[in-house]
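Derivation of every value follows stated rules applied to the coordinates shown; laboratory data play no part. Computed from a predicted model, the values in this text were never measured in an experiment. Here the Cβ positions follow ideal geometry from the backbone for every residue, glycine too, while neighbour counts run over all protein chains shown.
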Amino acid sequence: MINYYNAFISYKHADLDNKVAAEIVRGLEHYHIPKKIQKSTGIKKIDRIFRDKDELPITNDLNDTISEALKNADYLIVICSTNTCKSTWVEKEIETFLQNHTMNQVLTVLADGEPYDVIPKMLLTGKRNVVDENGETKTIEVPLEPLSCDFRLPLKKARAEELPRLAAALIGCSYDELMNRHRQYKMRRMTAIFAGAMALTIGFSGYMLYSRTLIHQNYIESLRSQSRFLATQSTTVFSDANRIDAIHLALAALPTEENSEMPVTPEAVKAITKASYAYVSLSGSSISANWNYTMPNIVRSFKISRDGTKLAAIDDACCITVWDTSSHKQILSLNFDDYDITYEFFNSDKISIYSDKAFYFYDLNSGELLWKKDLQESYGPSVFKYTDNSLLLAFKSGELVECSIDDGSEISTSTFLENRDILEYASSLTLSDDKTKLAFSMSAPKEEKSDEVFKNNNYYLCVYDMETKELKSELIGDCSLTSITFDGNNNIFFACHTGSFGDGSTRYNYYTFTTDDFSEIYCYSSEDLTQKWTQEFVCDDVEYDSSFLPLANGTVLYHAGNAGSIYDCETGEVIENHHLTDSIINASDNDGDGVPLYVVRSGATVMPTTLGSGSKGVASIDRFTDKLDEVHVNGAYYTHQTYSHDIISYGVNVCDEDWTKFTNCEATDSPSSSHYLDDDVLALLYDNDDGTDLAILDPNDKTYKTTITLSDTVAPYRFKILGTYNKVLYVVYNEYISGNTADYLKLVSYNLVTKETEEKELTDNYTPMDICCGLVDNKIAYFLTEDYKSCGIYLLDLDTGKEEVIPIEGLELTYCKSLQFFDNSHLAYFIGDTDDKNYIIDLENKKSFEITLPEDWSGTTSIAVTSKGDKIAFSNDEVIIVKNIEGELLGEIDCEHVPPLGMTFYDDPNQGETLLVAYSNGSLARYMSNDCTYIATSDLSTYANDSSEATFKFDQENGCLYVTMDKLVDIIDLNSWYETTVIEACLGHHIPTDTFITSSYSDSKERYIGYFKHYTTEDLINKAQNIIQDTEMPANKKAMYGIG
């Protein structure tokens, strides 16, 4: 009998556990190992899995058989479920296995339940020897995380993603390497199948030219599929804030010199547009992922130099890497074999790297090791910049060494602890900003021992005067001191956790425990160590970072867990308490306004806020990835996710730097929603105190022209820009008359050539609340009633000055709810004071006719007319109906409780005449106009909870559709109907110059009008390449995505 096994499966004989165990045996024994991994590991097959149901021979000695199998198995696989705790054999099998093997050879499989509940407790902890603060070696339990495979997933997904984790361990390769090899195998197989299909086509066609053409078409189609795949992956990693990989993937999805036949897909255009931040204007508080700094292994910690120009990080394999944060280039990378190694910036050009064994000092400009100093202490030093030419090494034993940064030579030595008979090692060493005082904590054993081992010491606050060499100390109590901080005003702050050791909020493997955590906050004078004040501090979430932050106006912030409190530095008065819903990772006040900005674990920024009512609280904005465990703020936000290899830099005010301001443009407030753009003019309405200004800009030469005050008393919402005719811009407004039942309706004209402004009163008897007025060819059309009995549409001929009226026959009312005009069709749609009064106005033939709508019609909210004027689509937010001009019903569309934002008809060269509907849920649907048959739906970006009307503009030359909602413009590719670009703060597309007019902030936080050119694919590629420069995607990631 063969007594060697790749793995022994331990499980409770229950239905679920039996099923999972059988599935794992079958999956592993039939697992295909890629050839290259076979060659590198020497393992060609996993063929010996011990499962007692199948492997036990006929023998009376069951225990001997199992023990022998456990002894000769390479790995133990434990099936973990809610049944596991009911089995005594599983625990015994684990104990037997560990007699001859290590914990690293134990693998777990989750069948059901939560990991912490079902994984045997003996696999979740291990023992480790540590030296405590008294120098004594103690054995403590530390949490372990055994390799777990999740078979709670659907079986197909578990086979594809989780089974390979077990196989990788048994084979002796990494999971990533195994999955990458499988992806490469699948891609080769797909390529082979595709090539075979093309070869078969060649054999049957018999016509070489036709065959070559067909093969090439199929090849192009395969490239198109690859482009879409890479674009999708780019979008996915970009959403995870991995911008640099997103750019690499987007570039790989587009044509290159090496692969010029790669088609340009709309998916790839969208991916590269997003990743390069093309068309992104500078907004008031934009924070966006800017760069990814990648370490070989999981990042342990990182630091930013004081001036923000350098970033240093250390990973779990003790690799230390330094980057330039401006160029993002790696300038130093070193590997050490000392897990206690750490580092500290001296300035932006030099860094010290040290442990208890040695001290290294590097020049970051050259990467040269300037000097090395061997250390003989039990603990590594605390390192401070002392002067511009020296640094200070403060050892816990009490030794102070000032070293020259040039060669490491000792300038001076001293000790701040003369008598160590009673006092233990110094901890939490902190040097004041003026370099005159060194503060630290000390402990000494109590004469009477406490029942709590961690309460057996007295803790002292100590201050050593660097000039007089005098040491002062003050007994604080039996709680250790943390976060010792100077504020520059002779104050020292520190915190003491008042609970017992280990009883606070904590995160343990998959388990989080929260409770009220109590600390005492102290303020002492740094001159004589007298206590100024103390306050109790409470939080109730896991502590990732706790520290003091001196603020403006003589206040200081302390934060820990999920709480922060601001105190008056002199009196200790609590100014504000901030209770957050998640653990605080960082607190900063970079603008110096005295208001802290928190970054919490979920990736949100949180700021104290006072509402208009005077109510105080905190406001949060989701900005970063979640599961953060370290954040630093210095010119940018640098974040790290738990277990990640990457440090993500989020830039402030990241935008498209190719935005160009209009010449002579003055800083403005945000324009009102009423603006107008055509080939010759850009006009914007602005609020001018109680009145309204009209700004005139030339979109052709991109210059600001003038600003006209339209009124000193009428607000912008009462104005409407009608458009231009014969180089004259027309604006209409209604002016309220106090005590009257009607308003004035006035027309303002501005001549773009002569720069002259004129105003004309259209009527003093205007009743609609909204401005029911439009410009149709050379006529101003507006609604008016006569004597509150009859009404009509009045037409003012701009060439002759004559007026005529189109009566709305048989309608007596005083109110017009809506009057909508349609370009090219010479039709207008009129809604009376009740929703059942709907008329079509034929402006060309001077007649009107009533539209019959369903009896339960709740009021028209959106309407569209064909360019020929032969079909009309109506919506009431519940249904859409399409009728011909004679009133015959052609079709009906159920909106399914999603209101349309707008509709239009389009003559599609492939489908014929279609109806396009933009819905508020972010979709663009297409229907046949003759019967409302559904065609397809595309994605459309919309503002959340925004009901702005959607307007449509077709650009046949560029093959684009521009859908505009307020100041949001979506660009839709007319061939694929795929959304390629979203432009915010956009006032429209200017056709003659093919530019997008937008508003943007400047560095001075003032808003201006400017523009982006309409980027070609080549422009976007160049923009992306300029961002990444010569940065390469790592080879393992290229293999993962199938990039050559």
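Local charge sum around A918 (other residues, Cβ-Cβ under 10 Å, Lys/Arg +1, Asp/Glu -1)?
Surrounding charge for A918 is -2.
Let me have the 222 nm mean residue ellipticity of the chain computed from DSSP H runs of 4+ only, each contributing -39500 (n - 2.57), with the sum over all residues rounded to the nearest 500.
Numbers: 13 runs with 162 residues, N = 1044.
Value at 222 nm, helices only: -5000 deg cm²/dmol.
Fewest first, what order do S260, S352 take by the number of other Cβ atoms within 10 Å?
S260, S352
Given the Cα-Cα distance of I411 and D150 and 0.36 nm per residue of separation, how much length would full extension add, in nm?
Gain on extension, I411 to D150, equals 88.0 nm.
What ranking do F302, F336 get, fewest neighbouring Cβ atoms within 10 angstrom at the top? Mind showing how you got there, number by number?
Details: F302 23, F336 17.
By the 10 Å Cβ count, ascending, the order reads F336, F302.
For K44 and A160, what is the calculated FRET efficiency with R₀ set at 30 Å and r taken between the beta-carbons, to the nearest 0.05? Please report the intermediate quantities before stating the final value.
Values: r = 22 Å, r/R0 = 0.73.
Working from the Cβ atoms, E equals 0.85.
With Cβ to Cβ distances under 15 Å as the rule, what net charge do the other residues near L98 carry (K, R +1; D, E -1)?
Neighbour charge sum, excluding L98 itself: 0.
Give me the one-decimal nm value for the distance between modelled label points at E756 and D842, 7 Å along each residue's Cα-to-Cβ direction.
3.9
Return the percentage of antiparallel bridges among DSSP beta bridges fully within the chain, rounded to the nearest 5 %.
Of those bridges, close to 95 percent are antiparallel.
In whole angstrom, how far apart do the alpha carbon centroids of the stretch 582-596 and the stretch 1-53 sit?
53
All other residues with a Cβ under 10 Å from the Cβ of N83 taken together, and with Lys, Arg as +1 and Asp, Glu as -1, what is their net charge?
Computed value for this residue: -1.
Given the Cα-Cα distance of N365 and E949 and 0.36 nm per residue of separation, how much length would full extension add, in nm?
Details: separation 584, 0.36 × 584 = 210.24 nm, distance 5.65 nm.
204.6 nm is the gain from fully extending N365 to E949.
Please work out whether the stretch 589-668 counts as rounded, prolate or oblate from its C-alpha gyration tensor, where a ≥ b ≥ c are the square roots of the eigenvalues and a/c under 1.5 means rounded, while otherwise a/b larger than b/c means prolate and anything else oblate?
Cα axes put the stretch 589-668 in the oblate bin.
May I ask for the distance between the Cα centers of the stretch 229-277 and the stretch 513-579, given as a whole number of Å?
Here the two parts' Cα centres lie 48 Å apart.
Please list, by residue number, everything in the stretch 73-89 whose backbone N is under 14 Å from a paramagnetic label point 7 Å out along Cα→Cβ of N100.
Answer for the stretch 73-89: 73-76.
What residues from the stretch 524-562 fall in the zone where the backbone N is under 16 Å from a label point 7 Å along the Cα-to-C-beta line of F518?
Answer for the stretch 524-562: 534-541.
Pop a pseudo-label 7 angstrom from the Cα along the beta-carbon direction at both Q217 and D823 and give the gap in nm to one decimal.
In this crude spin-label approximation the distance works out to 3.7 nm.
Quick one: length gained pulling T660 to D593 fully straight, 0.36 nm per residue minus the C-alpha distance?
Details: separation 67, 0.36 × 67 = 24.12 nm, distance 3.16 nm.
Gain on extension, T660 to D593, equals 21.0 nm.
Note down the nm distance, to one decimal, between modelled labels 7 Å out along Cα→Cβ at N958 and at T82.
5.9
For the chain, state what percent of all Cα-Cα pairs lands in each successive 20 Å bin, counting from 0 Å until the bin that includes the largest distance.
10, 29, 32, 22, 8, 0
Whose amide H sits under 5 Å from the amide H of L710, counting only residues 5 or more places off or on another chain, with H placed in the peptide plane?
Correct list: T692, D693, L694.
Would you mind getting me the FRET efficiency between D797 and T610? Use the beta-carbon distance for r and R0 = 51 Å, nearest 0.05.
Efficiency for this residue pair is about 0.35.
Quick one: compute the contact order of the chain, relative version, from alpha carbon pairs under 8 angstrom and 6+ residues apart, as a percent.
The normalised contact order for the chain reaches 6 percent.
At a 10 Å Cβ-Cβ cut-off, how would you order V748, V805, fewest neighbours first?
Values: V748 20, V805 14.
Neighbour counts put them in this order, fewest first: V805, V748.
Could you compute the FRET efficiency for S473 and A552, with r as their C-beta to C-beta distance and R0 at 30 Å, rounded to 0.05?
Using R0 = 30 Å, I get an efficiency of 0.40.
In whole Hz, what ³J(HN,Hα) sequence does the stretch 295-306 give by Karplus (6.51, -1.76, 1.60; θ = phi - 60°), x for Gly and Pro?
Rounded to whole hertz, the list is 9, x, 10, 4, 5, 8, 6, 8, 9, 10, 5, 4.
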